[in-house]
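Accompanying notes for the structure given below.
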Amino acid sequence: MTDWFRETLHPSVGQSLRIDRIVYEGRSRYQDILIFENDRLGRVLVLDGIVQTTEADEFYYHEMLSHVPIVGHGAVKSVLIVGGGDGGMLEEVLKHPVERAVLVDIDGEVVRLCREHLPSICGGAFEDPRAKLVIGDGVDFVRETELRFDVVIVDSTDPVGPGRALFDEFFHASCRGILDAGGVIATQNGVPFFQGPELVQTHRQFSRLFERSGFFLAPVPTYVGGHMAFGWASDRADLSATDVETLRSRLDSHRFDTRYYNAEVHVSAFALPECTRALMP
Ligand code: SAM
């Protein structure tokens, strides 16, 4: 009999992925963890019944949430990743000549299992001498750290379980406090077609806390419902304003491989359709 994984993210619509082989199934202190193989998607990571990433499409999400803020900033030396225990974001960040990349994930089991079973997603990122792994709550880390960062990337789960606090105004305010001058925060904000309230909430909080903020979009095949939204905010930088020539010259001066991201995609990602603009009056 064929087994199917049925995602439980949205109450009335869901995707099903065929389970060709279960690689790991268990529960950590924080969440249910499932890793399975699917013929089309490769290995799939699921936390609390929600697809986090797959070998086949991880690059859409990881490239956009890392390279857009880093290349848009233009002179990034230090990056904080909150969440991101699969290591895919860390791998993309380390493609840049950063001096330091700190990854704080609450769940050491996710990191351990992804390093063991999903090495194609993190590559050798955790072994890079510039990378520092902290196992702990991102909310506590951001509140307590004395480090400062050019870019803070919130690579969180959806706002259920331990990830809920990463969508709060208190957390975003703490992130603002650890940004260097010109620093940028970038967040994952779900798929607006199904998760509009997440975007509305982040928009309101960013508008209250930061001088500038907005969203950019990318389609991520296994996050169903059309474009995914990524939030950004900064007191000094306008991430949406970097023109394509500037981006091309930054990418020429430091070349790295991508499968989705490029200068043209970067610029076009800031073009928001009317139904998304309507969520951020
Ligand atoms: N790309 C994914 C998505 O959008 O579905 C997110 C990937 S990553 C696996 C999410 C990580 O956030 C998980 O490893 C989880 O343990 C971590 N996480 C959840 N709540 C957290 C918190 N409060 N502090 C730090 N990490 C947290």
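The values are calculated or read from the model by the stated rules, or taken from the named source; none is laboratory data. These numbers were taken from a predicted model, which means no experiment stands behind them. No Cβ is skipped: glycine too gets one built from the backbone with ideal geometry, and neighbour counts run over all protein chains shown. Only protein heavy atoms, including side chains, enter the accessible area calculation; ligands, DNA and RNA are left aside. Shrake-Rupley method; radii C 1.70, N 1.55, O 1.52, S 1.80 Å.
What share of the DSSP beta bridges in the chain is antiparallel, in percent to the nearest 5?
About 60 percent, rounded to the nearest 5.
Provide the per-residue ³J(HN,Hα) series for segment 255-271, in order, calculated from phi with Karplus coefficients 6.51, -1.76, 1.60 and θ = phi - 60°, each as a whole number of Hz, with x at glycine and proline positions.
My calculation for segment 255-271 gives 8, 8, 7, 9, 10, 10, 6, 7, 4, 5, 4, 4, 5, 5, 5, 8, 7 Hz in order.
Using the per-residue mean of other Cβ atoms lying within 10 Å as a proxy for protection, in what order, highest first, do the peptides 106-116, 86-96, 24-34 fall? Before the final figure, lay out the partial values.
Working: 106-116: 20.0, 86-96: 25.7, 24-34: 15.4.
The packing order, highest mean first, is 86-96, 106-116, 24-34.
Projecting each Cα onto the charge dipole of the chain (Lys/Arg +1, Asp/Glu -1 at the beta carbon, about the Cα centre), which of Ser240, Ile70, Phe193 comes out farthest on the positive side?
Comparing the listed Cα positions along the dipole, Ser240 ranks first.
Could you order peptides 262-272, 52-62, 175-185 by the average number of other Cβ atoms within 10 Å of their residues, highest first?
52-62, 175-185, 262-272
Select from Ala229, Leu118, Ser207 the residue farthest towards the positive end of the dipole of the chain; place +1 on Cβ of Lys and Arg, -1 on Cβ of Asp and Glu, and compute about the Cα centre.
The residue sitting farthest along the positive end of the dipole is Ser207.
What is the percent carbon and sulfur in the accessible area of segment 58-277, measuring with a 1.4 Å probe over the protein chains and ignoring ligands?
C and S fraction of accessible area: 50 percent.
Using θ = phi - 60° and the Karplus relation 6.51 cos²θ - 1.76 cosθ + 1.60, list the HN-Hα couplings for segment 71-76 in order, rounded to whole Hz, with x at every Gly or Pro.
Computed from phi, the couplings for segment 71-76 are 5, x, 5, x, 8, 7 Hz.
Rounded to the nearest 500, what is the chain's calculated 222 nm mean residue ellipticity when only DSSP H runs of at least 4 contribute -39500 (n - 2.57) each, over all residues?
-9000 deg cm²/dmol
For a protection proxy built on the mean count of beta-carbon atoms within 10 angstrom, sort 153-164, 10-21 highest first, please.
153-164, 10-21
Placing unit charges on C-beta atoms (Lys and Arg positive, Asp and Glu negative, everything else neutral), compute the dipole magnitude of the chain about its Cα centre in debye, rounded to 20.
360
If you roll a 1.4 Å probe over the heavy atoms of the protein chains, what accessible area per residue do you get for the chain, in Å²? Could the numbers behind the result be given before it?
Numbers: 12210 Å² over 281 residues.
Per-residue accessible area for the chain comes out at 43 Å².
Would you work out the relative contact order for the chain, in percent, from Cα pairs under 8 angstrom that are 6 or more residues apart?
Over the chain, the number comes to 16 percent.
Hey, what do the phi angles of segment 56-63 turn into as Karplus ³J(HN,Hα) couplings, whole Hz, using 6.51/-1.76/1.60 and θ = phi - 60°, x for Gly and Pro?
Once θ is set to phi - 60°, the couplings for segment 56-63 become 6, 10, 4, 5, 4, 6, 5, 5 Hz.
Of the heavy-atom accessible surface of segment 3-53 (probe 1.4 angstrom), what whole percent is carbon and sulfur?
Of all accessible area on segment 3-53, carbon and sulfur atoms account for 43 percent.
By its C-alpha gyration tensor, with a ≥ b ≥ c as the square roots of the eigenvalues, how is the chain shaped: rounded for a/c under 1.5, else prolate for a/b larger than b/c, else oblate?
Details: a/c = 1.41, a/b = 1.30, b/c = 1.09.
Taking the square roots of the gyration eigenvalues as a ≥ b ≥ c, the chain is rounded.
I'd like to know which of Phe216, Gly177, Phe5 lies farthest towards the positive end of the charge dipole of the chain, counting +1 on Cβ of Lys and Arg and -1 on Cβ of Asp and Glu.
Most positive-ward Cα: Gly177.
Just grab the label-to-label distance for Arg21 and Thr8, each label 7 Å out from Cα along the Cβ direction, in nm (one decimal).
Each label point is offset 7 Å from its Cα along the Cβ direction, giving 2.7 nm.
Could you give the dipole magnitude of segment 3-53 about its Cα centre, charging the beta-carbon of Lys and Arg +1 and that of Asp and Glu -1, in debye to the nearest 20?
Values: 7 positive and 8 negative charges, 15 e Å.
For this selection, approximately 80 debye.
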